[in-house]
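See structure below.
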Amino acid sequence: MTEAEVTNLILTIVKPLVENPDDVQVGQKQDDHYVYFELSVNADDIGRIIGKHGQVAQAIRTIIYGVRLASSKRVRLNILD
Amino acid sequence: MPIFTGKNVDQAVTNGLATLKLEKSQVEIKIINEGKSGFLFFGRQKAEVELIEKIVTKKSTSKKIVDEKKEENVVSKPLTAEEKAARSQLNEKAVHDVGYYLADITELMGIDTEINVQFERRQVTYDFNTSKQGLLIGKHGKSLNALQYLAQVNMNQKAVSRMNVILDVGGYRKRREETIERLAIKVAKDVIRTGETIQLDPMPANERKQIHFYLARNSRIKTTSIGTEPKRSVVVAPKKKTH
């Protein structure tokens, strides 16, 4: 998968779960081992994305960490607040 | 999905399709009662069928299907008492939307799949028919459970009443359940035979619950759980004699 496809996957998962889908943004950083996807949502929606005991965040991570990037780097997801 | 009745099976299906405004090719038909013509008034039974809508994703076409279906759902008219019908309509729309949510995600994950939706009272099952089962299930169902959780969260936001969401891949849940039951029975036997306490491997909450459930009836052992998620595990111990 390409980075753009992962970004798209994150948006597809997150947007239906928030009240303000237009405020969802995914940025990107990388180092030698990881590609970091940085998710930011409207301040009102941060709780929805993290969930009780971080369960929603955990589930999103489980799904996207399974992704294999073409560059063989691992995927990481940061939720910005 | 709703159940429809008619004089015979064909009639019941036709009624159902007319109500749902769907084509025969878009549903899976499950016959609940074939119906009997009976003798005079005795033993006459209406045929009952359950219609299960199929959601099919094929890479390029899925977006189109989403739009069409959404329209259909808005058009379809409720049948019975207005409020109740409005609620169940909203719930059905939620079932629908969550189905497409799952279809969109799996498509982006590179998993081509057909999703069969079964909707009965408070429980919705999305059954995935795919050639990439392993990818969708993950190790010990990790991916499938994560996806199920997200679908549940999405459902809770959309549906009016509380609905339980289950994702299944070609009978995976059933197979896993049978495995867990066998494990529970085996462990119970070992504990009773040796009189020693056994701690099982870490398992997700629903699987621990199954073990507790299977062994609750057994008066010679007791079960507890120790550790913290996600490494919480069941402990099966012999029950101390009370006298």
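The values are calculated or read from the model by the stated rules, or taken from the named source; none is laboratory data. Remember, predicted model here, so these are calculated numbers, not experimental data. Positions of Cβ are backbone-derived with ideal geometry, glycine not excepted, and every protein chain shown enters the neighbour counts.
Here region A:67-77 is the region considered, the condition is being within 19 Å of B:ALA146 (Cα to Cα) and surrounded by 14 or more Cβ atoms within 10 Å (Cβ to Cβ), and the residue that is farthest from the other protein chains (Cβ to nearest Cβ) is A:ARG76.
A quick yes/no check of all residues on (1) modelled with pLDDT of 90 or more; (2) touching a helix residue (DSSP H, G or I) at 6+ places or on another chain (Cβ under 7 Å); (3) within 14 Å of chain A (Cβ to nearest Cβ):
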{"position": "B:ILE55", "(1), (2), (3)": "no, yes, no"}
{"position": "B:ALA81", "(1), (2), (3)": "no, no, no"}
{"position": "B:ALA85", "(1), (2), (3)": "no, no, no"}
{"position": "B:LEU102", "(1), (2), (3)": "yes, yes, yes"}
{"position": "B:GLU114", "(1), (2), (3)": "yes, no, no"}
{"position": "B:GLN118", "(1), (2), (3)": "yes, no, no"}
{"position": "B:ASN129", "(1), (2), (3)": "yes, no, no"}
{"position": "B:HIS140", "(1), (2), (3)": "no, no, yes"}
{"position": "B:SER143", "(1), (2), (3)": "yes, yes, yes"}
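If the condition is being within 19 Å of B:TYR101 (Cα to Cα) and in contact with a Lys or Arg (Cβ under 9 Å, 6 or more places away or on another chain), then region B:138-154 contributes B:LEU144, B:ALA146, B:VAL153.
Residues considered: B:ILE198, B:ILE211, B:ILE166. Of these, the only one that is within 21 Å of A:ILE64 (Cα to Cα), without any contact (Cβ under 8 Å) to a residue 60 or more places away in the chain and of a type in the set (Val, Ile, Thr) is B:ILE166.
Considering (1) under 23 Å from B:TYR149 (Cα atoms); (2) outside any helix (DSSP H, G or I), the lone condition that A:ILE10 does not fulfil carries the number (2). Scanning region B:157-180 for residues that are over 14 Å from the mean Cα position of the chain (by Cα) and either at pLDDT 95 or above or of a type in the set (Gly, Ala, Ser) (or both) gives B:ALA159, B:SER161.
For region B:186-221, which residues satisfy the criterion of being assigned to a helix (DSSP H, G or I), within 25 Å of the chain's Cα centre (by Cα) and not aromatic (Phe, Trp, Tyr)?
Keep residues of region B:186-221 that are assigned to a helix (DSSP H, G or I), which gives B:186-194, B:205-216.
Still in the running and within 25 Å of the chain's Cα centre (by Cα): B:205-216.
Within region B:186-221, B:ALA205, B:ASN206, B:GLU207, B:ARG208, B:LYS209, B:GLN210, B:ILE211, B:HIS212, B:LEU215, B:ALA216 qualify.
Within region A:29-79, the residues that satisfy the criterion of being under 27 Å from B:PRO204 (Cβ atoms) and basic (Lys, Arg) are A:ARG48, A:LYS52, A:ARG61, A:ARG68, A:ARG74, A:ARG76.
The set of residues in region B:214-228 that are touching a helix residue (DSSP H, G or I) at 6+ places or on another chain (Cβ under 8 Å) and either within 21 Å of B:GLU177 (Cβ to Cβ) or modelled with pLDDT of 95 or more (or both) comprises B:TYR214, B:LEU215, B:ASN218, B:ILE221, B:THR223, B:SER225. Scanning region A:33-66 for residues that are within 12 Å of chain B (Cβ to nearest Cβ), surrounded by 18 or more Cβ atoms within 10 Å (Cβ to Cβ) and in contact with a strand residue (DSSP E or B) (Cβ under 9 Å, 6 or more places away or on another chain) gives A:ILE49, A:ILE60, A:ILE64.
What's the total number of residues in region A:8-32 that are in contact with a helix residue (DSSP H, G or I) (Cβ under 8 Å, 6 or more places away or on another chain), among the acidic types (Asp, Glu) and more than 14 Å from every other protein chain (Cβ to nearest Cβ)? First the steps, then the outcome.
Taking region A:8-32 and keeping what is in contact with a helix residue (DSSP H, G or I) (Cβ under 8 Å, 6 or more places away or on another chain), we get A:8-10, A:12-21, A:23-24, A:26, A:28.
Now narrow it down to the ones that are among the acidic types (Asp, Glu): A:19, A:23.
Within this subset, residues satisfying the condition of being more than 14 Å from every other protein chain (Cβ to nearest Cβ) are A:23.
Residues in region A:8-32 being in contact with a helix residue (DSSP H, G or I) (Cβ under 8 Å, 6 or more places away or on another chain), among the acidic types (Asp, Glu) and more than 14 Å from every other protein chain (Cβ to nearest Cβ): 1 in total.
I'd like to know if region B:16-28 contains one or more residues that are more than 27 Å from B:PHE128 (Cα to Cα) and at pLDDT below 70.
No; the residues of region B:16-28 include none that is more than 27 Å from B:PHE128 (Cα to Cα) and at pLDDT below 70.
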